[in-house]
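Structure record follows, encoded as C-alpha coordinates.
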Ligand SMILES: NC(=O)c1ccc[n+]([C@@H]2O[C@H](COP(=O)([O-])OP(=O)(O)OC[C@H]3O[C@@H](n4cnc5c(N)ncnc54)[C@H](O)[C@@H]3O)[C@@H](O)[C@H]2O)c1
(Lines give C-alpha, C1' and ligand atoms only; values in the text may rest on other atoms or scores of the structure.)
Protein backbone atom coordinates (compact mmCIF):
# COMPACT_ATOMS: atom_id res chain seq x y z
CA UNK A 1 0.00 0.00 0.00
CA UNK A 2 1.34 3.46 -0.86
CA UNK A 3 2.04 5.56 2.19
CA UNK A 4 0.48 9.00 2.44
CA UNK A 5 3.72 11.01 2.16
CA UNK A 6 5.78 8.57 0.09
CA UNK A 7 8.29 10.35 -2.14
CA UNK A 8 7.83 13.61 -0.24
CA UNK A 9 10.51 15.56 1.58
CA UNK A 10 9.69 16.99 5.01
CA UNK A 11 11.70 19.43 7.11
CA UNK A 12 11.07 19.65 10.85
CA UNK A 13 12.84 22.24 13.00
CA UNK A 14 13.18 21.63 16.71
CA UNK A 15 13.07 17.92 15.83
CA UNK A 16 15.25 16.64 18.67
CA UNK A 17 12.57 16.82 21.37
CA UNK A 18 8.87 16.99 22.19
CA UNK A 19 6.42 17.96 19.46
CA UNK A 20 9.08 18.18 16.73
CA UNK A 21 10.39 14.70 17.55
CA UNK A 22 6.89 13.19 17.42
CA UNK A 23 6.21 14.94 14.10
CA UNK A 24 9.49 13.80 12.53
CA UNK A 25 8.65 10.21 13.52
CA UNK A 26 5.10 10.55 12.17
CA UNK A 27 6.35 11.89 8.81
CA UNK A 28 8.83 9.01 8.59
CA UNK A 29 6.12 6.45 9.39
CA UNK A 30 3.97 8.01 6.67
CA UNK A 31 6.74 7.46 4.12
CA UNK A 32 8.38 10.90 3.85
CA UNK A 33 12.11 11.53 3.75
CA UNK A 34 12.68 13.65 6.83
CA UNK A 35 15.28 16.34 7.53
CA UNK A 36 15.57 16.93 11.27
CA UNK A 37 17.01 20.29 12.31
CA UNK A 38 17.91 21.34 15.83
CA UNK A 39 20.62 22.74 18.07
CA UNK A 40 20.55 19.52 20.13
CA UNK A 41 22.86 17.52 17.89
CA UNK A 42 23.28 14.30 19.83
CA UNK A 43 19.54 13.81 20.37
CA UNK A 44 18.77 14.72 16.74
CA UNK A 45 21.37 12.32 15.39
CA UNK A 46 20.07 9.53 17.61
CA UNK A 47 16.53 10.08 16.33
CA UNK A 48 17.82 10.13 12.74
CA UNK A 49 19.49 6.74 13.34
CA UNK A 50 16.27 5.43 14.89
CA UNK A 51 14.29 6.40 11.77
CA UNK A 52 16.91 4.82 9.49
CA UNK A 53 16.96 1.64 11.58
CA UNK A 54 13.19 1.41 11.05
CA UNK A 55 13.69 1.57 7.27
CA UNK A 56 13.03 5.29 6.83
CA UNK A 57 15.13 7.97 5.18
CA UNK A 58 16.34 10.77 7.42
CA UNK A 59 19.14 13.30 7.81
CA UNK A 60 20.10 15.55 10.69
CA UNK A 61 21.09 19.16 10.07
CA UNK A 62 22.48 21.17 12.96
CA UNK A 63 20.81 24.58 12.80
CA UNK A 64 20.08 27.44 15.13
CA UNK A 65 16.93 28.99 13.64
CA UNK A 66 17.82 32.27 15.33
CA UNK A 67 20.69 32.68 12.85
CA UNK A 68 19.48 33.57 9.35
CA UNK A 69 22.69 32.32 7.72
CA UNK A 70 22.34 28.94 9.40
CA UNK A 71 18.73 28.72 8.24
CA UNK A 72 19.74 29.47 4.66
CA UNK A 73 22.49 26.83 4.88
CA UNK A 74 20.00 24.30 6.33
CA UNK A 75 17.58 24.72 3.42
CA UNK A 76 20.51 24.66 0.93
CA UNK A 77 21.84 21.42 2.44
CA UNK A 78 18.44 19.77 2.31
CA UNK A 79 17.92 20.87 -1.28
CA UNK A 80 21.39 19.73 -2.33
CA UNK A 81 20.72 16.25 -0.88
CA UNK A 82 17.14 15.61 -1.89
CA UNK A 83 16.42 18.26 -4.54
CA UNK A 84 13.09 19.46 -3.15
CA UNK A 85 11.14 20.41 -0.06
CA UNK A 86 7.48 19.50 0.09
CA UNK A 87 6.53 19.97 3.74
CA UNK A 88 7.99 22.17 6.45
CA UNK A 89 7.08 22.24 10.12
CA UNK A 90 8.66 25.37 11.61
CA UNK A 91 8.45 24.23 15.19
CA UNK A 92 11.67 25.19 17.02
CA UNK A 93 10.92 27.41 19.98
CA UNK A 94 11.84 28.40 23.50
CA UNK A 95 9.66 29.46 26.43
CA UNK A 96 12.06 32.06 27.84
CA UNK A 97 12.11 33.38 31.37
CA UNK A 98 9.04 34.08 33.48
CA UNK A 99 8.56 37.74 34.38
CA UNK A 100 5.73 40.15 33.69
CA UNK A 101 5.94 42.86 31.04
CA UNK A 102 7.41 45.41 33.45
CA UNK A 103 10.15 43.03 34.57
CA UNK A 104 10.93 41.21 31.31
CA UNK A 105 14.61 41.75 30.51
CA UNK A 106 15.69 43.02 27.12
CA UNK A 107 17.92 39.96 26.81
CA UNK A 108 14.96 37.59 27.33
CA UNK A 109 12.79 39.61 24.95
CA UNK A 110 15.44 39.52 22.23
CA UNK A 111 16.19 35.81 22.64
CA UNK A 112 12.57 34.65 22.54
CA UNK A 113 11.55 36.92 19.66
CA UNK A 114 14.70 36.00 17.74
CA UNK A 115 14.13 32.24 17.94
CA UNK A 116 10.33 31.99 17.97
CA UNK A 117 9.37 34.78 15.54
CA UNK A 118 12.41 35.82 13.49
CA UNK A 119 13.30 32.11 13.26
CA UNK A 120 9.94 31.24 11.73
CA UNK A 121 10.26 34.13 9.27
CA UNK A 122 13.79 33.04 8.28
CA UNK A 123 12.69 29.42 7.77
CA UNK A 124 9.71 30.48 5.66
CA UNK A 125 11.88 32.87 3.62
CA UNK A 126 14.15 30.10 2.34
CA UNK A 127 11.51 27.34 2.24
CA UNK A 128 9.17 29.54 0.18
CA UNK A 129 11.92 30.37 -2.31
CA UNK A 130 12.34 26.66 -3.03
CA UNK A 131 8.63 25.87 -2.95
CA UNK A 132 7.85 28.78 -5.27
CA UNK A 133 10.23 27.26 -7.80
CA UNK A 134 8.51 23.86 -7.45
CA UNK A 135 5.05 25.48 -7.53
CA UNK A 136 3.99 23.32 -4.60
CA UNK A 137 4.45 22.92 -0.87
CA UNK A 138 2.81 23.02 2.53
CA UNK A 139 4.15 24.86 5.56
CA UNK A 140 2.95 24.60 9.15
CA UNK A 141 4.24 27.09 11.69
CA UNK A 142 4.12 26.30 15.39
CA UNK A 143 2.20 28.94 17.29
CA UNK A 144 0.33 28.18 20.52
CA UNK A 145 -2.83 28.94 22.43
CA UNK A 146 -0.51 31.77 23.57
CA UNK A 147 -0.78 33.00 19.97
CA UNK A 148 -4.48 33.71 20.56
CA UNK A 149 -4.77 34.80 24.20
CA UNK A 150 -2.52 36.31 26.88
CA UNK A 151 -0.56 34.40 29.51
CA UNK A 152 0.58 36.72 32.31
CA UNK A 153 4.30 36.26 33.01
CA UNK A 154 5.56 35.33 29.54
CA UNK A 155 5.11 38.50 27.43
CA UNK A 156 7.85 37.79 24.88
CA UNK A 157 6.55 34.24 24.30
CA UNK A 158 2.98 35.47 23.87
CA UNK A 159 4.09 38.25 21.50
CA UNK A 160 6.21 35.82 19.47
CA UNK A 161 3.35 33.33 19.09
CA UNK A 162 0.85 36.06 18.13
CA UNK A 163 3.43 37.22 15.58
CA UNK A 164 3.70 33.72 14.12
CA UNK A 165 -0.03 33.83 13.33
CA UNK A 166 0.39 37.16 11.53
CA UNK A 167 3.32 35.85 9.50
CA UNK A 168 1.33 32.71 8.65
CA UNK A 169 -1.66 34.66 7.33
CA UNK A 170 0.59 36.96 5.32
CA UNK A 171 2.60 34.21 3.65
CA UNK A 172 -0.60 32.23 2.98
CA UNK A 173 -2.04 35.17 1.03
CA UNK A 174 1.23 35.91 -0.77
CA UNK A 175 1.70 32.33 -2.01
CA UNK A 176 -1.87 31.08 -2.45
CA UNK A 177 -1.49 31.41 -6.22
CA UNK A 178 1.73 29.38 -6.25
CA UNK A 179 0.33 26.05 -5.09
CA UNK A 180 1.65 26.63 -1.57
CA UNK A 181 -0.43 26.44 1.61
CA UNK A 182 0.71 28.02 4.88
CA UNK A 183 -1.02 27.24 8.17
CA UNK A 184 -0.31 27.37 11.88
CA UNK A 185 -0.89 24.91 14.68
CA UNK A 186 -1.84 26.18 18.13
CA UNK A 187 -1.11 23.46 20.68
CA UNK A 188 -2.61 23.61 24.15
CA UNK A 189 -0.64 22.31 27.14
CA UNK A 190 1.43 19.43 25.77
CA UNK A 191 3.48 16.98 27.82
CA UNK A 192 7.02 17.83 26.62
CA UNK A 193 10.29 18.89 28.26
CA UNK A 194 9.26 22.53 27.64
CA UNK A 195 6.20 22.27 29.87
CA UNK A 196 8.23 20.59 32.62
CA UNK A 197 10.80 23.41 32.45
CA UNK A 198 7.95 25.92 32.57
CA UNK A 199 6.46 24.31 35.69
CA UNK A 200 9.97 23.85 37.11
CA UNK A 201 9.01 20.25 37.74
CA UNK A 202 6.49 21.29 40.44
CA UNK A 203 3.60 18.85 40.51
CA UNK A 204 1.19 21.49 41.84
CA UNK A 205 1.77 23.70 38.81
CA UNK A 206 1.45 20.73 36.45
CA UNK A 207 -1.86 19.72 38.08
CA UNK A 208 -3.10 23.32 37.72
CA UNK A 209 -2.24 23.19 34.03
CA UNK A 210 -4.11 19.89 33.66
CA UNK A 211 -7.18 21.27 35.46
CA UNK A 212 -7.06 24.38 33.27
CA UNK A 213 -7.38 22.16 30.21
CA UNK A 214 -11.14 21.56 29.69
CA UNK A 215 -10.33 18.03 28.53
CA UNK A 216 -8.72 17.38 31.94
CA UNK A 217 -5.24 16.34 30.87
CA UNK A 218 -2.20 17.51 28.95
CA UNK A 219 -1.98 16.69 25.26
CA UNK A 220 0.53 14.21 23.89
CA UNK A 221 3.11 15.35 21.32
CA UNK A 222 1.76 12.66 18.96
CA UNK A 223 -1.66 14.37 19.00
CA UNK A 224 -0.06 17.54 17.65
CA UNK A 225 1.93 15.56 15.07
CA UNK A 226 -1.34 14.10 13.71
CA UNK A 227 -2.78 17.59 13.21
CA UNK A 228 0.42 18.83 11.53
CA UNK A 229 0.43 15.90 9.10
CA UNK A 230 -3.21 16.52 8.27
CA UNK A 231 -2.49 20.20 7.54
CA UNK A 232 0.38 19.11 5.25
CA UNK A 233 -1.68 16.47 3.47
CA UNK A 234 -3.84 16.81 0.37
CA UNK A 235 -6.82 16.22 2.65
CA UNK A 236 -6.34 19.84 3.74
CA UNK A 237 -6.13 21.09 0.14
CA UNK A 238 -8.62 23.96 0.77
CA UNK A 239 -7.05 25.04 4.08
CA UNK A 240 -4.58 27.92 4.09
CA UNK A 241 -3.89 30.88 6.36
CA UNK A 242 -5.58 28.99 9.19
CA UNK A 243 -4.64 28.68 12.86
CA UNK A 244 -5.67 25.19 13.98
CA UNK A 245 -6.07 24.79 17.72
CA UNK A 246 -5.26 21.34 19.06
CA UNK A 247 -5.80 22.38 22.63
CA UNK A 248 -8.24 20.13 24.52
CA UNK A 249 -10.79 22.96 24.39
CA UNK A 250 -8.60 25.69 25.98
CA UNK A 251 -9.61 28.43 23.53
CA UNK A 252 -13.28 27.54 23.82
CA UNK A 253 -13.33 28.74 27.46
N1 LIG B 1 4.66 22.01 25.13
C2 LIG B 1 3.65 22.84 25.05
O3 LIG B 1 2.76 22.88 25.93
C4 LIG B 1 3.52 23.79 23.89
C5 LIG B 1 2.31 24.47 23.73
C6 LIG B 1 2.14 25.34 22.66
C7 LIG B 1 3.17 25.51 21.77
N8 LIG B 1 4.36 24.84 21.94
C9 LIG B 1 5.40 25.07 20.95
O10 LIG B 1 5.78 23.84 20.38
C11 LIG B 1 7.11 23.94 19.89
C12 LIG B 1 7.91 22.75 20.38
O13 LIG B 1 7.98 22.80 21.78
P14 LIG B 1 8.07 21.51 22.71
O15 LIG B 1 6.99 21.64 23.71
O16 LIG B 1 8.18 20.29 21.88
O17 LIG B 1 9.44 21.85 23.47
P18 LIG B 1 10.83 21.09 23.57
O19 LIG B 1 11.68 21.97 24.42
O20 LIG B 1 10.60 19.68 23.96
O21 LIG B 1 11.38 21.09 22.08
C22 LIG B 1 11.81 22.26 21.45
C23 LIG B 1 12.92 21.90 20.48
O24 LIG B 1 13.33 23.10 19.81
C25 LIG B 1 14.74 23.12 19.80
N26 LIG B 1 15.23 24.49 19.70
C27 LIG B 1 15.19 25.47 20.64
N28 LIG B 1 15.81 26.57 20.20
C29 LIG B 1 16.26 26.28 18.95
C30 LIG B 1 16.97 27.02 17.98
N31 LIG B 1 17.38 28.28 18.22
N32 LIG B 1 17.25 26.44 16.80
C33 LIG B 1 16.87 25.16 16.55
N34 LIG B 1 16.20 24.41 17.44
C35 LIG B 1 15.90 24.97 18.63
C36 LIG B 1 15.14 22.49 21.12
O37 LIG B 1 16.50 22.08 21.11
C38 LIG B 1 14.15 21.35 21.21
O39 LIG B 1 14.63 20.20 20.56
C40 LIG B 1 7.64 25.30 20.38
O41 LIG B 1 7.57 26.25 19.34
C42 LIG B 1 6.68 25.64 21.49
O43 LIG B 1 6.61 27.03 21.71
C44 LIG B 1 4.55 23.98 22.97
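The values are calculated or read from the model by the stated rules, or taken from the named source; none is laboratory data. In this text the structure is predicted, and so the values were computed from the model without any measurement. Here the Cβ is made from the backbone with ideal geometry for all residues, glycine too, and neighbour counts use every protein chain on show.
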Odd one out for residue 48, checked against (1) farther than 19 Å from residue 161 by Cα; (2) out of contact with any strand residue (DSSP E or B) (no Cβ under 8 Å at 6 or more places or on another chain): (2)
Breaking point among (1) part of a strand (DSSP E or B); (2) within 14 Å of the ligand (Cβ to nearest atom), for residue 146: (1)
How many residues are within 12 Å of the ligand (Cβ to nearest atom), more than 14 Å from the chain's Cα centre (by Cα) and not in a loop (DSSP other than H, G, I, E, B) when one looks only at segment 149-162? 3
Pairs where the first residue, in segment 186-197, is touching a residue at least 12 places away in the same chain (Cβ under 8 Å) and over 29 Å from residue 241 (Cβ atoms) and the second is within 6 Å of the ligand (Cβ to nearest atom) and assigned to a loop (DSSP other than H, G, I, E, B), C-beta under 7 Å, 6+ apart: 193/17
Qualifying positions in segment 154-171 - surrounded by fewer than 20 Cβ atoms within 10 Å (Cβ to Cβ) and out of contact with any helix residue (DSSP H, G or I) (no Cβ under 8 Å at 6 or more places or on another chain): 166, 169, 170
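Taking the conditions exactly as written (in contact with a helix residue (DSSP H, G or I) (Cβ under 7 Å, 6 or more places away or on another chain) and more than 23 Å from residue 169 (Cβ to Cβ)), does residue 123 satisfy them or not? Spell out the reasoning first.
Numbers: in contact with a helix residue (DSSP H, G or I) (Cβ under 7 Å, 6 or more places away or on another chain): yes; more than 23 Å from residue 169 (Cβ to Cβ): no.
The answer is no for residue 123.
Is it fair to say residue 174 is away from the ligand (no atom under 16 Å from the Cβ) and surrounded by fewer than 21 Cβ atoms within 10 Å (Cβ to Cβ)?
Values: away from the ligand (no atom under 16 Å from the Cβ): yes; surrounded by fewer than 21 Cβ atoms within 10 Å (Cβ to Cβ): yes.
In short, yes.
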Under 7 Å between Cβ atoms, which residue pairs at least 6 apart in sequence (or on different chains) link something in segment 76-99 that is under 16 Å from residue 37 (Cβ atoms) and assigned to a helix (DSSP H, G or I) with a partner that is away from the ligand (no atom under 16 Å from the Cβ) and at pLDDT 95 or above? 78/85; 79/85; 79/130; 82/9; 82/33
Among the residues of segment 187-238, which ones are surrounded by fewer than 15 Cβ atoms within 10 Å (Cβ to Cβ), part of a loop (DSSP other than H, G, I, E, B) and away from the ligand (no atom under 11 Å from the Cβ)? 200, 201, 202, 214, 215, 216, 217, 237, 238
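Can you report the number of residues in segment 125-153 which are surrounded by fewer than 24 Cβ atoms within 10 Å (Cβ to Cβ) and either over 16 Å from residue 19 (Cβ atoms) or at pLDDT below 95 (or both)? I'd like the intermediate steps shown before the answer.
From segment 125-153, those surrounded by fewer than 24 Cβ atoms within 10 Å (Cβ to Cβ) are 125-126, 128-130, 132-136, 145-146, 148-153; that's our starting set.
Then keep just the ones that are either over 16 Å from residue 19 (Cβ atoms) or at pLDDT below 95 (or both); that gives 125-126, 128-130, 132-136, 148-153.
Result for segment 125-153: 16.
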Using the structure shown, decide if residue 247 is under 25 Å from residue 88 (Cα atoms) and within 10 Å of the ligand (Cβ to nearest atom). yes
Got a sec? Which of 38, 86 is more than 10 Å from the ligand (Cβ to nearest atom), closer than 22 Å to residue 222 by Cβ and buried (at least 16 other Cβ atoms within 10 Å of the Cβ)? 86
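Check segment 46-54 and report whether any residue there is under 23 Å from residue 114 (Cβ atoms) and more than 12 Å from the ligand (Cβ to nearest atom). Before the answer, list the steps.
From segment 46-54, those under 23 Å from residue 114 (Cβ atoms) are none; that's our starting set.
Scanning segment 46-54, I find no residue that is under 23 Å from residue 114 (Cβ atoms) and more than 12 Å from the ligand (Cβ to nearest atom), so the answer is no.
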